[in-house]
Amino acid sequence: MPASFSGFAWLARAMLWLAGLGVLVLLLASGRTTPLDEALYDLHGHYWRYTPRNDVVIVAIDAKSLDALGQFPWPRSIHARLIDRLTAAGVRGIAMDITMPSPDTAHPQNDQLLAEAMHRNGKVVMPVFAESAALGDPLQEALPVAPIAQNVAAIGHVEVAKDTDEWVRGAYLKAGLGSPYWPSLALALAQLDPGILATTLPGMRNPLNDGASPYQWMRDDFVLLRYAGPAGTFGRLSYADVLDGSAPPSLLKDRWVLIGATAAGLGDILQTPASPMPGVEYQANLFESLRRGLLVTPVNFLGQFVISGAALALPLLLYGAPGLGRGWRFLLAALGSMLLLCLVLLRLYHLWWPPTSCLAIVSAAFVTHGVWMRRRSRVR
């Protein structure tokens, strides 16, 4: 019987596969290959962009608006006037990426003016975020002031999901203190028209949500974004132009509007794989990906182990089998099949399976076996 068909040969291959599974667990648990996986996802995302629909508009607090209206923050009566402008133009919904957790003590009537404008519109979403009153204090949810909170259509969290390299590739669709009951700001906006959303949300679930502390900020339904493009891809109108009527109402009718800061030094500029962009455009990307079913769900740890274990089985068990050989062609075919599997899961099923752990294990096994074979031949 040929050696490649002998029971010992298959046992050796099985032992190699089991050893590969052990290394796989270590790599997945340690996250050593995560930077390589993120780089691969970023590279692919550069060639997987899309054209956003023209019914999403950012009303930008830009340099022009600051020149016209003065230093930010502005009196809330100005926001009330803007909301009335948008209401008259017939917008479909408004997300204000502007926090207002404290009352306007200097002009308390302005809070009521803004609340009344929001009530007249009926489709305004405002943000909530978690903060501590002082260092070491428990987290609290910073909601809009009472008159405003009572007149908005919905409230959504604005937490940004940053990776260890401080880049923003994903988002949590749900979050909250004790349990993730707040939708993200983009999801809250999309839920104003339930017909545009799928029946179930995408995203990787958090198994630790049950029994959490009521003072712990919990997150759920983690997704990866498909960015439409770099900053400026979505249509923008200057806040000042909308406020004074310079922007034609036809550019706002039946549009989804997101209001937020884009001026340099005003608000957070997020580092994304597409380009640095303001938080309001990040929300626009999340909203567009969400309603068009473009969000990507990362495979969880167990799923990664199962898929990776199966992906390792073929090259490690078939290595050196008759007709397959042990050369570089076999290695390249094995690596190419893993990348193809990753691409198929991503493109067809919107699932992200990080492949670099498998690529590293197969490459290391190939090199190690080659070195061992050369030493063995020298001994002979």
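Observations, loosely collected:
- Candidates 238, 184 - the one that is touching a residue at least 60 places away in the same chain (Cβ under 8 Å), of a type in the set (Gly, Ala, Ser) and under 27 Å from residue 38 (Cβ atoms): 184
- Output for the stretch 235-258, where each listed residue is hydrophobic (A, V, I, L, M, F, W, C) and crowded, with 18+ Cβ neighbours inside 10 Å: 237, 240, 242, 243, 247, 252, 256, 257, 258
- In the stretch 178-203, residue modelled with the lowest pLDDT [restricted to those that are surrounded by fewer than 21 Cβ atoms within 10 Å (Cβ to Cβ) and outside any loop (DSSP other than H, G, I, E, B)]: 194
- Unique match (being aliphatic (A, V, I, L, M), at pLDDT 95 or above, assigned to a helix (DSSP H, G or I) and under 23 Å from the mean Cα position of the chain (by Cα)) among 66, 40, 86: 40
- Qualifying position, being free of Cβ contacts under 8 Å to residues at least 60 places away in the same chain, surrounded by fewer than 20 Cβ atoms within 10 Å (Cβ to Cβ) and either under 29 Å from the mean Cα position of the chain (by Cα) or assigned to a helix (DSSP H, G or I) (or both), among 105, 99: 99
- Within the stretch 249-271, at least one residue is within 22 Å of residue 164 (Cα to Cα) and either in a loop (DSSP other than H, G, I, E, B) or touching a Leu at 6+ places or on another chain (Cβ under 8 Å) (or both).
Each row is one residue, and each column tells you yes or no for (1) without any contact (Cβ under 8 Å) to a residue 12 or more places away in the chain; (2) outside the structural domain of residue 242 (by TED's automatic domain parsing).
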position: 51; (1), (2): no, yes
position: 66; (1), (2): no, no
position: 74; (1), (2): yes, no
position: 80; (1), (2): no, no
position: 90; (1), (2): no, no
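- Restricting the stretch 124-159 to residues that are among the charged types (D, E, K, R) and not in a loop (DSSP other than H, G, I, E, B), the residue that is nearest to residue 94 (Cα to Cα): 141
The values are calculated or read from the model by the stated rules, or taken from the named source; none is laboratory data. These numbers were taken from a predicted model, which means no experiment stands behind them. Positions of Cβ are backbone-derived with ideal geometry, glycine not excepted, and every protein chain shown enters the neighbour counts.
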